[in-house]
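Quick notes on the structure that follows.
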Amino acid sequence: MEINKLLEIAIEKKASDLHLVANHRPTLRINTQIEILKNLPEMSSTAIKKIIGDILNAEQKNKFYEEKDLDLSYEINDLGRFRVNLCWERGNISLVARIINKNVPKMEDIGLEDIVKEMIQQKQGLILVTGPTGSGKSTTLASMINYINENKKVSIVTLEDPIEYLFPKSQSIITQRELGSDMKTFAAGLKHVLRQDPDIIMVGEMRDLESIALTLTLAETGHLVLATLHTPNALQVIDRIVDVFPAYQQDQIRMQFSMVLNGILAQRLLPKIGGGLVAAREILINTPAISNIIRQNKTPQINTVMQTSADKGMLTMKQSLRSLHTKGLIDEETVDILLT
């Protein structure tokens, strides 16, 4: 089958991802569960190779065959955009396509708390959105950027791998740069971004020491920076950022991080009663107490502060899960599994 037809099926079934693996039937992920399309034949290695030939240009083909992995964005007119990953598996090509909604969701549509609107009103500092793969980090970031776009006249530069949501024209000017086609590395993009006159910078992922160091520095220079990390909770964000640096730099990084941090949203997507998904979110706000804990390397104390700081907008994952259950959005079994 043609890739466009398979992606159309994925959208019709409200899937989040399409998987193509040699000698397997096309497979979807729907509401976190894997569903094999049993009415379709198995995909041969040759069929998948033809599919990637249809969606890659000559430069992308050369890069994929040389590096063995490739991330790219793919768009079908009137249907939607997709984030595609290609890799090799036992000598065969595999493809995973993430379906991206055509319209950027509003913050209230994805349940973002009012405190997040306050966070993105700040003129400088660092806001981090974290969670495992497939937890909706890109969607959350996009909704925050679009809220700014609709309500403020600012210059926004995004560094993405690949570009996912396309932002409509509104109050702001948005420059979207893609890894590979618009910049060689995240670090290179971050080094030159100040020359592009940004007020707000979105970093698709802080993935190594250099990009983390540059992102922290940008947040110090009078810019609001939004970025993502692959960590399951707010406490591990702090340890992850500090531990990536050599031991002799870690005290300095704790000090720097404690000063630039505005807040952390750690989230995961859960099956919603009645179908669909809903996000559970842990929210950490960088109050003087939190900043002091970070500087003193006493991160285990943060959870206690969060539990008693609801008036400041903080929320633990446990509190978020209980709130979703009380609202009838998730069942007791989901809460119990995540809290054990």
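Read the figures in this text as sums done on the coordinates, not as results from a lab. What you are looking at is a predicted structure, and each value in this text was computed from that prediction instead of being measured. Neighbour counts are summed over all protein chains in view; Cβ atoms, including those assigned to glycine, are modelled from backbone coordinates with ideal geometry.
In summary, Met306 fulfils each of the numbered conditions (1) surrounded by fewer than 20 Cβ atoms within 10 Å (Cβ to Cβ); (2) outside any loop (DSSP other than H, G, I, E, B) with the single exception of condition (1). Restricting attention to the range 314-327, the residues that are in contact (Cβ under 8 Å) with a residue 40 or more places away in the chain, farther than 18 Å from Ile293 by Cα and not hydroxyl-bearing (Ser, Thr, Tyr) add up to 3. Quick check: is even one residue across the range 55-78 free of Cβ contacts under 8 Å to residues at least 12 places away in the same chain and in contact with a helix residue (DSSP H, G or I) (Cβ under 9 Å, 6 or more places away or on another chain)? Looking for residues that are free of Cβ contacts under 8 Å to residues at least 12 places away in the same chain and in contact with a helix residue (DSSP H, G or I) (Cβ under 9 Å, 6 or more places away or on another chain), one finds at least one in the range 55-78, hence yes. One residue stands out among those in the range 124-143 that are on the phi > 0 side of the Ramachandran plot and outside any strand (DSSP E or B): the one that is surrounded by the fewest Cβ atoms within 10 Å (Cβ to Cβ), which is Gly134. Return a yes/no flag: does the range 83-99 have any residue that is in a loop (DSSP other than H, G, I, E, B), of a type in the set (S, T, N, Q) and farther than 18 Å from Met202 by Cβ. Within the range 83-99, none of the residues are in a loop (DSSP other than H, G, I, E, B), of a type in the set (S, T, N, Q) and farther than 18 Å from Met202 by Cβ. Return yes when Ala227 is surrounded by 13 or more Cβ atoms within 10 Å (Cβ to Cβ) and closer than 19 Å to Pro132 by Cα and no when it is not. Yes, satisfied. For the range 58-72, state whether one or more residues are of a type in the set (Gly, Ala, Ser) and farther than 22 Å from Pro271 by Cα. Yes, the conditions are met somewhere in the range 58-72. Restricting attention to the range 55-65, does a residue exist that is among the aromatic types (Phe, Trp, Tyr) and in a strand (DSSP E or B)? No - not one qualifying residue is present in the range 55-65. Out of all the residues in the range 276-284, is one or more surrounded by fewer than 21 Cβ atoms within 10 Å (Cβ to Cβ) and assigned to a helix (DSSP H, G or I)? Within the range 276-284, none of the residues are surrounded by fewer than 21 Cβ atoms within 10 Å (Cβ to Cβ) and assigned to a helix (DSSP H, G or I). In the range 1-51, counting only strands (runs of 3 or more DSSP E) that sit wholly within it, the ones holding 1 or more residues that are more than 16 Å from Ile100 (Cβ to Cβ) and hydroxyl-bearing (Ser, Thr, Tyr) span 27-30. When the range 73-111 is limited to residues that are more than 16 Å from the chain's Cα centre (by Cα) and among the aromatic types (Phe, Trp, Tyr), the one that is farthest from Pro26 (Cα to Cα) turns out to be Tyr74.
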